[in-house]
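These notes concern the structure reproduced below.
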Amino acid sequence: MSAQSATPPASNGITPVQQMVASCSGAIVTSLFVTPLDVVKIRLQAQKNPFPKGKCFVYCNGLMDHICVCENGNSKAWYKAPGHFSGTLDAFIKIIRHEGLAALWSGLPPTLVMAVPATVIYFTCYDQLCAALRVRMGDRAQEAPLLAGAIARVGSATVISPLELIRTKLQSQKQSYGELTQLIRSAVEAEGWRSLWRGLGPTLLRDVPFSAMYWYNYERTKSFLCERYNSREPTFTITFASGAVSGSIASIVTLPFDVVKTRRQVELGELQGKSLSGEVSSSTFSVMRRIVAQDGFPGLFAGIFPRLIKVAPACAIMISSYEFGKAFFRKHNQERILAQPQTSNTRQTEQH
């Protein structure tokens, strides 16, 4: 058996490369389904409150966030408001009628550039860590998803954070890659390498608890539904429902950190859009206190309904697509292993 066909027990029947392919396909499927919803939402927002120069907004397709800086009031076609929409359905119809069906996916390229590598790192690390921790934790193996999810999120967010900062600078200022390289070098010389991870703290405060709760609740819900419906293997429906439930719970609990992160991202994006330098001048908990003082405690849970509408289906689509991909590769590997003894026996018979 070759090294490529070998499937270590820790990977649950599939190789790390196959896990990467499954998570990559899941990220693409999720982006294709959820991106049109966010494109329509941003068009509706732009219609009510046009984005002025130097301002920015956070574009999020359920997989990850992107800071989009406005160069002028209507510079980017995919969030420009070319007409009057009376609601979500009306926006869908008019965008398709006047701009074509492809316009609903006009925010897809920045999503794929950032979300696909982040998702591949995140899901592959989670599976590898969870399998290893379950072996080591023994009687407490049920808590392995909690720890594995948190560690995997720290790793993926740390790797992607500098890329997000660089991408934001490219959006806010028309610069060549040579000019951007010089800008980054100057920032590193002035503020050190830590400047490339600016804003990572609020990201981790939201995403790490979200990831820990999501994976723990997902594994428990999946096991419960498998037992309830006497299913040896989780079906597509079971994984979809488990992903939606666990994503909803995690998004509600971590919403205050999401509100803070969004505010800090917008402040940072506006500084970059106006070509100003400087740190966003508040810690996470200072921003929380300011929100409570201005809007009361409910201000920390602003936007809970839109977040649920976006995150719950995104989590459900992503995890069910990922599990489907893993099941496909697992079945393929098993068939290949079963076919190998027959092939070797045939060769021995032919030699005799």
Exercise. Looking at (1) at pLDDT 90 or above; (2) under 22 Å from Arg198 (Cα atoms); (3) open to solvent by 50 Å² or more (accessible area, probe 1.4 Å); (4) not hydroxyl-bearing (Ser, Thr, Tyr), which is the one condition that is false for Val159?
Worked result: (1)
Exercise. Among the residues of the range 259-272, is any β-branched (Val, Ile, Thr), out of contact with any Asp or Glu (no Cβ under 6 Å at 6 or more places or on another chain), open to solvent by less than 40 Å² (accessible area, probe 1.4 Å) and at pLDDT 80 or above?
Worked result: no
Problem set entry | Selected residue (only one of Pro209, Pro234, Pro202 is assigned to a loop (DSSP other than H, G, I, E, B) and out of contact with any strand residue (DSSP E or B) (no Cβ under 8 Å at 6 or more places or on another chain)) | Pro234
Exercise. Of the residues Ala244, Ala250, Ala316, Ala327, which single one is in contact with a Cys (Cβ under 7 Å, 6 or more places away or on another chain) and modelled with pLDDT of 90 or more?
Worked result: Ala244
Problem set entry | Residue under evaluation Asn217, criteria (1) surrounded by fewer than 14 Cβ atoms within 10 Å (Cβ to Cβ); (2) modelled with pLDDT of 80 or more; (3) under 25 Å from the mean Cα position of the chain (by Cα), criterion not met | (1)
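The values are calculated or read from the model by the stated rules, or taken from the named source; none is laboratory data. Remember, predicted model here, so these are calculated numbers, not experimental data. Cβ: placed from backbone, ideal geometry, glycine included. Neighbour counts: every protein chain shown. All accessible areas refer to the heavy atoms of the entire protein, side chains included, with ligands and DNA or RNA removed. Shrake-Rupley method; radii C 1.70, N 1.55, O 1.52, S 1.80 Å.
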